[in-house]
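The values are calculated or read from the model by the stated rules, or taken from the named source; none is laboratory data. Since the model is a prediction, treat every value here as computed from it, not as a measurement. Cβ placement follows ideal geometry from the backbone for every residue including glycine, while neighbour counts extend to all protein chains displayed.
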Amino acid sequence: MKIIKSKKLLYLIIASVLGFAAILTINLMTNREELWFLYTIPGFALAPYLISKPHIFPHTLIAWIVFFSISGYYLAVNLTISPLYEWSVALILCLLWYPMTLRLRYPSRLYAIYGFIWSIVFFSTTNFIFSPTIVWAVYPICAAAFWPLTAYFLSKKKNIYK
């Protein structure tokens, strides 16, 4: 059984290296001015380990380590390649769902409220950074408001029938 697991990990590492080599080759053959292969490095680097050990996904510490490592990498790439365009903020706000979801494991009203607040932060920040003259964040925020409201009324409905 141990041999099978080590072969699986070796296969995943080889597949990751070959996939990255293909992406790098395509990038260098088609567009040398923009090095977009840099955006794929965290996925190719973390995939063999995370896929070969699915039991570590529910651990909050691993989630925070993965979040900070990927966020730090993309922040560094953003600041070096395109410092005038803060695209990494939106990605970091999206990545934070992983550890936040593990912290609040069971869907509840509290999770819905945290999710709604995080949606407000995400859409407001994205709106302010990318298009400060047009206020469009109100629309997805209003749509996201139905999440905690639905959780609240569903919990009330369950209490009525108990």
Study note, to complete from the structure: Exactly one of I70, I14, I23 is part of a helix (DSSP H, G or I), among the aliphatic types (A, V, I, L, M), within 23 Å of F122 (Cα to Cα) and modelled with pLDDT of 85 or more, and that residue is I70
Exercise for review: Working only within the stretch 61-86, note down all residues that are surrounded by 14 or more Cβ atoms within 10 Å (Cβ to Cβ) and over 12 Å from the mean Cα position of the chain (by Cα).
Suggested key: I62, Y73, L75, V77, N78, I81, E86
Study note, to complete from the structure: Residue hits (the stretch 110-135; surrounded by fewer than 15 Cβ atoms within 10 Å (Cβ to Cβ) and either of a type in the set (A, V, I, L, M, F, W, C) or closer than 21 Å to L154 by Cα (or both)) are L110, I117, V121, F128, I129, F130, I134, V135
